[in-house]
Structures are given as C-alpha cells and as structure tokens.
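Enquirer: Below is one structure. I have some questions about it.
The values are calculated or read from the model by the stated rules, or taken from the named source; none is laboratory data. None of the values given here were measured: they were computed from a predicted structure. No Cβ is skipped: glycine too gets one built from the backbone with ideal geometry, and neighbour counts run over all protein chains shown.
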Amino acid sequence: MKILITGVAGFIGSNLAKKLLDREHTVIGMDNLNYGFLRNIDPIKDHPNFQFIMGDIANPLILKDVKADIIVHLASQKIPRYTNALRTLEENYLMLRNVVHKCIMDGSKILFASTSDVYGKNPNIPFAETSDLVMGPTTVKRWAYALSKMYGEQYIIANHDEYDMKYTITRFFGSYGPHQNLTWWGGPQSVFIEKAFKNETIDIHGDGSQTRTFTFVDDTVMALVHCIENNKSDNEIFNTGPKSDAEISIKDLAILIWKLVNGPNSEPKLNYIPYSTFGNYEDVMRRVPDITKLCNTFNFQPQWDLEAGLKVTIDWQKQFLV
C-alpha cells in the first residue's frame, strides 16, 4: 500500500515509517519539523520507497499533489501546559479538516491518532472504547487538547456517515521509546531520564500519586500496523496500550528511572511542584486502558514490559546527554 504519514519526523511517525518500509509498503512522510527532527528519519531518508515532504498540514495546498491509500494522521498540538489553548484548538482542527477533505476527494482511509486524554475525569477504570468521556470545566485550558481530539473523532465519524469515508481511530496510552521528544512534550519519562543522568532533582507535578500506563513504541507501532493492514479496523475505535498490570504512579516511575540510570542503591532526588504553579490546571489521577478489543480483533498482544522498554529508551537517550 501507499501510506501517507503526517508528523513523520516525530516520535511515533518515524518509528512507524521504518516498520512500514520494512514490510514493503510505500511511505510518504510530511512534517514541518516544529516538534519532529530530521535525525529521526535519517535512517530511511534514502529508502527507494520513502518520500519526505517538508510542510505544514494546516496548509491545504501541501496535500494537493500527493495521493495515498491511507493517511495516518499523527501531527498534533498537545496539552497547552506551557502554550496557549487557542493554538491547540485551531491547529488540530485545521490539520484534521485538510486531511479529511483529502481522504474524501481521493477515496483514502484515515487512521487518526486520538488520545487516552479523551477519557478525562471518568473514574471508572479501566477505560474501554465505549466508556464515557468526562471533561473538566471549560475554564481549565488543560482540557483543550482532549476536546480537540474528541471533536476530531466526532468530525471523522460524521464525515464517514455523510461521505462513506473509511476511518480507524486509535487512542494512545503513553507511548515512549527511541526517537521520543526529549522535553515534556515527549512525556515525563523523557525529562526524568535526563535529570537522572545529570544527577539533578526530578520535578514531579502534584504529589506523584497520579498513575499512567506507558506503552513501548514497538507495541504502539505494531498495533498501528494491524490497523493499516487489516480491514477489520475499518470504522472502528481502538485503545492502544501496554500489557495488563502496567499501571504505575508518576513518583514510582521517577524512582524506577533513577535507579535504572544510577544503580539500585542510589537515592532519587525528587521535588514536588504544586499544580497551582501551572495556573488553572487539572490533572487526571488514573489512566488505565482496556485493550481487549485491539487484542481480540487482531490476535495481538503487547510484548514489552515497562522496565525492559525503559532500558532500551535510556540507552538510546544517553547519546544526547554525554
């Protein structure tokens, strides 16, 4: 198949592109490099079945001269912790609108990267694809990202109903691994690894009791490959997460990373930062997926434990810290 990936120089995009090329697909990748890096696609830049286009998906003209069987839409603005909510809302809509219109015109399928954040404050763990999506107040800009993805899901399904556009929606739970962004944009593990290497204090938001489930990128990518190659994914929503029993508190994640970097007998340096530091901000206290649908549909099981995945990630990230 010919597959177009938006955000190809980013974390998941670059890993997915390599896997698809290994499986003999043709890949067109687009990225404006605001958050991606050319180093991520350097290993595949000369592959005969890969084409890179530098550009912004928010500009509809960038898609004019390309055509693909599937568009994997990964490009996104994230939670506006350090930026403004307007950019998150506007850019996520503009990019998606342009991709959806392209899919309708060309008869392409869209594979849309949504997020576990859409489950918001729902207290009923684990989250299944049919779980309620519970947002906080609109005065808290933290919810802008989740709302942009919720709107994106509804927008895609509405266009399917109206124009018979095929889609798959994947809700990612905490992917990490080689090529991850090295700032908070890439998740807490990226920053924790750097702090541990530098023997600096790790800042933890709140008291660190909030939990997450982290998915090694190889498992995320294989889930996406199944969605791309198998038409059982058509017009479905899938949680994409790790093995069961993978829930870990942010505090325990920091301690684990510190000890993997500095040895089991080292004493972690932790500093707790009140949420009030970020202004009017809310966090989600637990985020755990039910991935039964994904596993049963494709006879798929995630392969990576957190500690094993972190060791690979730490080994990759240390090249930027030496």
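Enquirer: Restricting segment 251-286 to residues that are β-branched (Val, Ile, Thr) and under 25 Å from ALA144 (Cβ atoms), which is surrounded by the most Cβ atoms within 10 Å (Cβ to Cβ)?
Expert: To start, the set of residues in segment 251-286 that are β-branched (Val, Ile, Thr) comprises 255, 257, 261, 273, 277, 284.
So of that shortlist, the ones also under 25 Å from ALA144 (Cβ atoms) come out as 273, 277, 284.
Numbers: ILE273: 12, THR277: 9, VAL284: 18.
So, considering only residues that are β-branched (Val, Ile, Thr) and under 25 Å from ALA144 (Cβ atoms), the one surrounded by the most Cβ atoms within 10 Å (Cβ to Cβ) is VAL284.
Enquirer: Name every residue in segment 173-185 that is touching a helix residue (DSSP H, G or I) at 6+ places or on another chain (Cβ under 7 Å), outside any loop (DSSP other than H, G, I, E, B) and either among the β-branched types (Val, Ile, Thr) or surrounded by fewer than 21 Cβ atoms within 10 Å (Cβ to Cβ) (or both), in order of residue number.
Expert: Within segment 173-185, just TRP184 meets the criteria.
Enquirer: Let me ask another. Output the residues belonging to segment 113-168 that are basic (Lys, Arg) and either closer than 16 Å to LEU74 by Cα or assigned to a loop (DSSP other than H, G, I, E, B) (or both). Walk me through how you get there before you give the answer.
Expert: Going through segment 113-168, the residues basic (Lys, Arg) turn out to be 121, 141-142, 149, 166.
Those that are basic (Lys, Arg) and either closer than 16 Å to LEU74 by Cα or assigned to a loop (DSSP other than H, G, I, E, B) (or both): LYS121, LYS149, LYS166.
Enquirer: Right, another one. Tell me which residues, restricted to segment 238-252, are touching a Leu at 6+ places or on another chain (Cβ under 8 Å) and assigned to a helix (DSSP H, G or I).
Expert: LYS251
Enquirer: Here is a check on your reading of the model: is THR138 of a type in the set (S, T, N, Q), farther than 30 Å from LEU256 by Cα and modelled with pLDDT under 95? Break it down stepwise before answering.
Expert: On the way: of a type in the set (S, T, N, Q): yes; farther than 30 Å from LEU256 by Cα: yes; modelled with pLDDT under 95: yes.
Criteria met by THR138.
Enquirer: Next question, about the same structure. Would you check if there is a residue in segment 42-57 being at pLDDT below 95, farther than 19 Å from GLU229 by Cβ and hydrophobic (A, V, I, L, M, F, W, C)?
Expert: Taking every residue of segment 42-57 in turn, none turns out to be at pLDDT below 95, farther than 19 Å from GLU229 by Cβ and hydrophobic (A, V, I, L, M, F, W, C).
Every residue, every condition in (1) of a type in the set (Phe, Trp, Tyr); (2) in a loop (DSSP other than H, G, I, E, B), yes or no:
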{"position": "TYR272", "(1), (2)": "yes, no"}
{"position": "ASP283", "(1), (2)": "no, yes"}
{"position": "ARG286", "(1), (2)": "no, yes"}
{"position": "LYS293", "(1), (2)": "no, no"}
{"position": "THR297", "(1), (2)": "no, no"}
{"position": "GLN303", "(1), (2)": "no, yes"}
{"position": "ALA308", "(1), (2)": "no, no"}
{"position": "VAL312", "(1), (2)": "no, no"}
{"position": "ASP315", "(1), (2)": "no, no"}
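Enquirer: Here's another thing I want to ask about it. I need the full set of residues from segment 116-151 which are β-branched (Val, Ile, Thr) and surrounded by 22 or more Cβ atoms within 10 Å (Cβ to Cβ), in order please. Walk me through how you get there before you give the answer.
Expert: As a first pass, look at segment 116-151 and keep what is β-branched (Val, Ile, Thr): 118, 125, 130, 134, 138-140.
Within segment 116-151, just VAL118 meets the criteria.
Enquirer: Read through the list (1) without any contact (Cβ under 8 Å) to a residue 12 or more places away in the chain; (2) of a type in the set (Asp, Glu); (3) under 30 Å from GLY136 (Cα atoms), then give the number of the only condition that GLU267 fails.
Expert: (3)
Enquirer: Please determine, by comparing only the residues of segment 287-307 that are within 30 Å of LYS198 (Cβ to Cβ) and buried (at least 16 other Cβ atoms within 10 Å of the Cβ), which one is modelled with the lowest pLDDT. Let's see the steps before the verdict.
Expert: Here is the first cut: in segment 287-307, the ones within 30 Å of LYS198 (Cβ to Cβ) are 287, 304-307.
Those left that are additionally buried (at least 16 other Cβ atoms within 10 Å of the Cβ): 287, 304, 306.
On the way: ARG287: 94, TRP304: 97, LEU306: 97.
Ranking the candidates gives ARG287 first.
Enquirer: Checking VAL284 against (1) at pLDDT below 95; (2) over 23 Å from the mean Cα position of the chain (by Cα); (3) among the β-branched types (Val, Ile, Thr): exactly one of these is not met. Which one?
Expert: Result: VAL284 passes all but (2).
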